[in-house]
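Read-outs throughout are calculated quantities, based only on the coordinates presented, and are distinct from any laboratory measurement. All of these numbers come straight from a predicted model, not from anything done at the bench. Glycine also receives a Cβ, built like all others from the backbone with ideal geometry; neighbour counts cover every protein chain displayed.
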Amino acid sequence: MLNPLAHRKILKKGISGQARIQAMTMPPRGAAKFNLGMTLQVFVEGRNPYEVEDQRLVSAKMPLGFGMVLPVKVDRDDQQRIAIDWDAHLEAQTSLGES
C-alpha cells in the first residue's frame, strides 16, 4: 500500500493508464474507510497489460465493483506501484448517474 506522499507524487508525475478490477476482498460492514485488497489488470498505452495485487485505503462511499475500470497513474520507475485517481473515478461515476 502506498503512503499518501508517494500516492500524490505518482498521481502528479506518473504515466496515465486504466486498471480493471479483477478481484477484491469484501469490505467490513459499517466501516467508513477500510483497507480493500484488490487485484487489478493495468493497461498503459504501448505496454502489455499486467496485474498488480495490493491493498488500498477506500471510503465506503466509493462506487466499486468487479470489472469496473479505474483511472490510474503508474510510477515511471516501478510499474507495480500505481496510484488510483479516486477523485476522477468518483467524478466519472457521478456523471454517469446524472445521464
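For the range 87-94, state whether one or more residues are closer than 21 Å to Pro28 by Cα and in contact with a strand residue (DSSP E or B) (Cβ under 7 Å, 6 or more places away or on another chain).
Within the range 87-94, the first condition is being closer than 21 Å to Pro28 by Cα, and the residues that meet it are 90.
Remaining after also requiring in contact with a strand residue (DSSP E or B) (Cβ under 7 Å, 6 or more places away or on another chain): none.
No, the range 87-94 has no match at all.
Please enumerate the residues belonging to the range 62-99 that are among the small types (Gly, Ala, Ser) and under 16 Å from Leu36 (Cα atoms).
Keep residues of the range 62-99 that are among the small types (Gly, Ala, Ser), which gives 65, 67, 83, 88, 92, 95, 97, 99.
If the condition is that a residue be among the small types (Gly, Ala, Ser) and under 16 Å from Leu36 (Cα atoms), then Gly65, Gly67, Ala83 are the ones that fit.
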